[in-house]
Each structure stands twice: as C-alpha cells, then as structure tokens.
1. How far, in degrees from 0 to 90, does helix 373-385 lean away from the longest principal axis of the Cα atoms of the chain, to the nearest 10?
2. Would you kindly state how much longer the chain becomes between N347 and M1 on full extension, computed as 0.36 nm times their sequence separation minus their alpha carbon distance, in nm to one decimal?
3. Given N residues in the chain, what is its alpha carbon radius of gyration divided by 2.2 N^0.38 Å?
4. Would you report the distance distribution of C-alpha pairs in segment 342-422 as whole percents per 5 angstrom bin, up to the bin with the largest distance?
5. Taking only DSSP H segments of four or more residues, each worth -39500 (n - 2.57), what value at 222 nm results for the chain once the sum is divided by all its residues, to the nearest 500 deg cm²/dmol?
6. Which value does Rg/Rh take for segment 187-271 over its C-alpha atoms, Rh per Kirkwood?
7. Please turn the phi angles of segment 19-34 into ³J(HN,Hα) values with the Karplus equation 6.51 cos²θ - 1.76 cosθ + 1.60 (θ = phi - 60°), one per residue in order, whole Hz, x for glycine and proline.
8. With θ taken as phi - 60° and the coefficients 6.51, -1.76 and 1.60, list the Karplus ³J(HN,Hα) couplings across segment 146-153 in order, rounded to whole Hz; mark glycine and proline as x.
Amino acid sequence: MDSIIVTGNGPLKGQIPIAGAKNACLTLMPATLLSDEPLTLTNAPRLSDIKTMSALLESLGAEVSQLQDGQVLVMSSHALSSHVADYDIVRKMRASILVLGPMLARDGHAVVSLPGGCAIGARPVDLHLRALEAMGAELELKEGYVHAKARNGLKGGTVEFPLVSVGATENALMAATLAKGTTVLKNAAREPEIVDLADCLRRMGAQIEGDGTGTITIQGVDRLGGATHPVVPDRIELGTYMLAPAICGGEVECLGGRIDLVGAFCEKLDAAGIDVSETEKGIKVSRKNGRVKSVDVTTEPFPGFPTDLQAQMMALMCTAEGTSVLEEKIFENRFMHAPELMRMGANIDVHGGTATVTGVERLKGAPVMATDLRASVSLILAGLAAEGETIVNRVYHLDRGYESVEEKLGNVGARIERVSGQ
Ligand code: UD1
C-alpha cells in the first residue's frame with residue numbers, strides 16, 4: 001500500500017485548482033439509471049470512488065465512458081441487463097446504495113447489497129429504505145441484500161425524515177422523479193450536492209421545487225431524458241486546501257472555490273485569525289504572522305460546519321493558541337485521527353463525541369496511519385506544519401476522495417511525495 005511522506009517546509013504560495021465534488025458526482029452518476037438517454041457530466045473529479053461507481057453502473061448494464069482524461073463522464077443506460085448491485089462492489093463504497101432508488105423507480109425492482117465505506121460509525125441505511133417504503137416499495141432484507149419491489153411503480157407520498165440524511169434525501173429525490181403523483185420530502189438535507197442533483201434532474205425533465213430548503217416537492221413525470229450537467233465544485237476539497245496556508249502560513253488561491261459552499265467554515269477561519277477573501281477566480285486564504293487562535297466547532301448538517309472538515313480543522317487547532325472544543329454531532333466514531341495527531345505531539349482529549357484540543361507550539365513529524373478519507377488528509381495537513389518528516393501510511397482512502405494531492409500541494413511549495421508500497 002502506498003505511503004505519503006510530508007516534510008514541514010514553511011509557508012505555501014500559489015494556486016490550487018478545486019475539482020468537481022466527489023459526493024455530488026457519486027449521486028449524479030446513478031441518475032443515469034433513470035433514463036434511457038445519455039447523461040453527460042462535466043467537471044468530474046478523477047478519483048477511485050468514481051471508478052468504483054462506474055464499475056457498479058457497468059455491472060448493471062450501463063455504459064460509462066471517460067473523456068478528457070476523466071473530467072467528462074458520458075453514461076448511457078439504454079436497457080439494464082441486471083438489477084443486482086453485488087456485495088463485491090457495494091462493500092467498497094457506501095454511496096453504492098444510491099442505485100437503489102433509481103433502479104426501483106425505473107423498472108419496479110432492484111436488489112442491492114447493504115453498503116460498506118469509511119469506518120466512521122454504524123451508518124445504517126434505514127432512512128433510505130423507509131423513504132422508499134413511503135412511496136409504495138415492498139422491501140425485504142435477505143442475506144445482506146435489500147430486495148425491493150414496486151409492482152405497479154412507485155407512488156408519490158410524504159416522507160418525513162426523523163433526522164437529516166444526505167444520502168436518504170438523494171435516494172428518495174431520484175426515486176420520486178418517476179413516481180406517480182406528488183412526493184413531499186420533509187426535513188430533507190440542504191447540502192449543495194442535493195441542489196446540484198436537483199439541477200441535473202431538472203435538466204433531464206424532472207419537476208422539483210424547494211431543493212436547498214428542508215422541504216422538497218417532486219411532481220412525478222412519465223420519463224426523463226438525457227442531459228449535460230457540470231458537477232458543482234468540491235466544498236470539502238476546497239476547505240481542505242484553504243486549511244493548508246492556514247496551518248503552515250503563506251497565501252494560496254483556491255481556483256473555482258465559492259464562498260457560498262463554505263460559509264460556516266469561513267466564519268471559523270475568520271475567528272481563528274485567517275484572512276479569507278473572494279477573488280475573480282476563487283478564494284484566497286492567507287496567514288501572515290503569529291499563532292492561530294483556538295475556536296470551538298460543532299459539526300451540523302448544511303449550512304452548518306461540515307463533518308467532512310472536522311478532522312482537517314482539528315489539525316489546525318493542534319497548533320492554535322489556547323484550547324478548542326470540537327463536537328462531532330453527525331457520526332459517532334469520527335475521531336480516529338486524534339490518536340494519530342497525538343503521535344505527532346498534539347494534546348487532545350477525546351470523550352464520546354467531544355474532543356478538547358490544547359494547542360502546542362509545534363507538531364513533530366512521525367509515522368502515522370490513515371484510518372478514513374478525511375482523517376488521511378488531516379494527517380497530511382498536520383505534516384505540513386510539523387518539524388521533520390511525517391509518513392502517512394495506508395493512503396488508499398485518500399485516493400478515494402482527493403485527486404493529485406501531491407501535485408496540488410507540491411505546486412504551492414509543500415514537500416510531499418508518494419512512496420509506492422507492495
Ligand atoms: C454523506 C457524504 C459524507 C458526509 C455525510 C454527512 C456522500 C457520498 N457522503 O454521507 O461524506 O460525511 O453525508 O454530511 O455524499 N443515518 C441513519 N440512517 C440512514 C442514513 C443515515 O441513521 O439511513 C445517519 C448516519 O449514521 C449519520 C447521519 O444519519 O449519523 C447522517 O448521515 P448521512 O447524511 O446519511 O450521510 P451519508 O449520506 O452517508
């Protein structure tokens with residue numbers, strides 16, 4: 001398995017291009033299953049999770065071509081040759097569950113393995129299933145698979161989510177586009193990836209209102225057509241790279257970054273004493289002199305502070321002046337980066353869903369282990385600020401969500417290299 005070696009090398013300077021959002025692309029791709037006409041996605045990120053979703057769609061009979069070095073995906077699901085999403089693919093990535101709603105809506109049946117993904121908590125899919133049941137689906141769980149049927153097609157209904165779920169909202173939204181009648185999703189997720197999915201579905205002919213608010217109303221249509229849709233910029237990649245100059249000084253412009261995608265995060269950077277400004281091409285971040293100030297962070301559904309930036313923010317707080325309290329409210333086991341950061345000299349105390357971080361002057365390089373996608377990149381960020389060499393082992397999670405991380409950070413002056421493992 002590959003490792004990444006980072007050597008603390010002082011201030012960064014330059015530009016980092018932000019790719020299309022992994023999480024948006026992973027929900028836009030299954031939308032191809034809703035139509036027999038081609039769906040083209042531009043600004044797609046080049047990541048192993050996208051390859052996994054391509055393989056899953058192909059296993060169902062869809063054709064997926066990658067153009068322009070993978071930045072354009074052309075998908076066509078003329079007729080599905082299988083309605084079974086196999087465990088061998090699904091276990092690699094939780095987002096695989098997103099093929100369930102579209103297959104069921106289009107053909108009235110689907111069998112999907114229960115998913116795997118990052119080990120950041122139990123992460124059940126009960127909300128996905130309850131939403132589809134509210135639209136008339138009959139579901140059975142057998143030997144690790146969900147067997148779903150809607151003999152006379154899905155019917156519109158009211159779905160009230162007991163807690164906000166991005167994936168369950170996406171699955172229900174896609175399914176409802178082809179259901180008979182009107183579906184109302186209450187307590188729906190408001191993430192930019194939901195709005196991006198709704199935009200794409202509208203381009204395909206769906207009738208959707210209220211995306212970006214807690215109530216989404218979908219008027220079912222008989223069929224959806226083809227479309228070309230640009231994937232929204234990745235707000236988590238954006239936030240991650242905004243933290244690079246915040247952590248080790250300098251000035252970096254994140255090309256294609258949009259403030260509206262990272263509002264709550266920018267407020268915390270501002271409170272920490274980091275300069276953030278909009279430019280013509282994106283967002284510029286700079287840290288001039290002195291130590292960062294400690295800030296408290298609580299993760300929440302959008303528009304709150306994203307759980308997917310909690311690990312990276314913790315890396316920043318490790319060298320801040322004072323004590324910060326980070327509260328994780330979305331996933332119950334998402335502090336696995338804390339003991340790794342402590343190996344680098346960080347002072348962190350974890351109790352349940354709360355981590356108290358007391359900043360130290362300087363972190364020290366150490367061999368560390370990447371445990372999940374966002375944890376991996378938080379260790380790289382910490383390594384940028386540390387004295388000496390940090391070796392981040394087991395970086396395969398990183399490749400699921402960050403394209404060309406060595407190149408992007410290397411181009412702004414970081415000393416970072418990948419070492420191939422066996
Ligand atoms: C998506 C993102 C992930 C991000 C998360 C929260 C993708 C591919 N992944 O994940 O990067 O961290 O949103 O912003 O877009 N839950 C249930 N039952 C369900 C579904 C969820 O109890 O059926 C719980 C989860 O365990 C979690 C909470 O709801 O505690 C939120 O999860 P959810 O928003 O569904 O996350 P994902 O869609 O899996």
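Nothing in this text is a laboratory measurement; each read-out follows from the coordinates by a stated rule. This one's a predicted model, so the numbers in the text were calculated from it and none came from an experiment. Ideal geometry is used to build each Cβ from the backbone, glycine not excepted, and the neighbour counts take in all protein chains shown.
1. 20
2. On the way: separation 346, 0.36 × 346 = 124.56 nm, distance 2.90 nm.
Here the answer is 121.7 nm.
3. Working: Rg = 21.4 Å, N = 422, 2.2 N^0.38 = 21.9 Å.
Relative to the rule-of-thumb radius for its length, the chain sits at 0.98.
4. Cα pair-distance distribution for segment 342-422, in percent: 3, 14, 23, 26, 18, 11, 5, 1.
5. One gets -8500 deg cm²/dmol as the mean residue ellipticity at 222 nm.
6. Working: Rg = 16.7 Å, Rh = 15.0 Å.
Reported Rg/Rh, Kirkwood definition of Rh: 1.11.
7. In residue order, the calculated couplings are 7, x, 6, 3, 5, 6, 4, 5, 9, 6, 4, x, 4, 4, 5, 7 Hz.
8. Values per residue, Gly and Pro as x: 8, 9, 10, 9, 9, 3, 9, x Hz.
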